[in-house]
Structure formats: C-alpha cells, structure tokens
C-alpha cells in the first residue's frame with residue numbers, strides 16, 4: 001500500500017488562476033493529505049465571489065496582504081521557512 005504524503009500548500013492568490021484552481025487543487029489532493037492550506041491575497045478590493053467559494057469549500061485559511069508589493073512574497077517566504 002502506497003503511503004500518502006503530508007502536504008503544505010501555500011498559495012499566492014494574486015498570481016494564481018481562479019478558473020483552473022479547483023482542478024489543480026483536486027490533482028494535488030490525489031498526491032497526499034493537505035494538512036496546511038493557506039492563501040495570501042490583497043483583499044483591499046472586494047473579494048471576488050468565485051474566490052470566496054473556493055476558499056470556503058476547500059477549507060483554505062486566508063491571509064490578508066494590504067499592498068500589492070513584496071508583502072505577499074515575504075509572507076510566503078516567512079511561512080515556508
């Protein structure tokens with residue numbers, strides 16, 4: 001029996017395609033158990049209904065990034081190290 005891997009998924013929400021996200025997410029789930037699901041986003045604008053649905057339906061924790069500069073990349077780097 002093949003052992004499933006534990007996966008930590010950190011998503012740069014400003015640079016991922018929401019139309020193909022669910023398909024990609026489902027493919028990753030086949031590779032193992034996703035124990036950490038976190039998306040980093042600039043939600044200063046109104047959050048898109050498609051993103052709301054994706055985040056809620058998949059139990060993804062979201063982190064607010066206020067500026068569209070290097071904050072998102074720094075947040076990802078911080079949580080990955």
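Among residues of the stretch 1-24 being under 17 Å from residue 63 (Cα atoms) and in a loop (DSSP other than H, G, I, E, B), the one that is nearest to the chain's Cα centre (by Cα) is 13.
The set of residues from the stretch 25-38 being over 11 Å from the mean Cα position of the chain (by Cα) and either assigned to a helix (DSSP H, G or I) or under 13 Å from residue 51 (Cβ atoms) (or both) comprises 26, 27, 28, 29, 30, 31. Would you call residue 41 under 12 Å from the mean Cα position of the chain (by Cα), surrounded by 10 or more Cβ atoms within 10 Å (Cβ to Cβ) and at pLDDT 90 or above? Considered against the rule, which asks whether it is under 12 Å from the mean Cα position of the chain (by Cα), surrounded by 10 or more Cβ atoms within 10 Å (Cβ to Cβ) and at pLDDT 90 or above, residue 41 comes out as no.
The values are calculated or read from the model by the stated rules, or taken from the named source; none is laboratory data. Fair warning: this is a prediction, and the values are worked out from it, not measured in the lab. Here the Cβ is made from the backbone with ideal geometry for all residues, glycine too, and neighbour counts use every protein chain on show.
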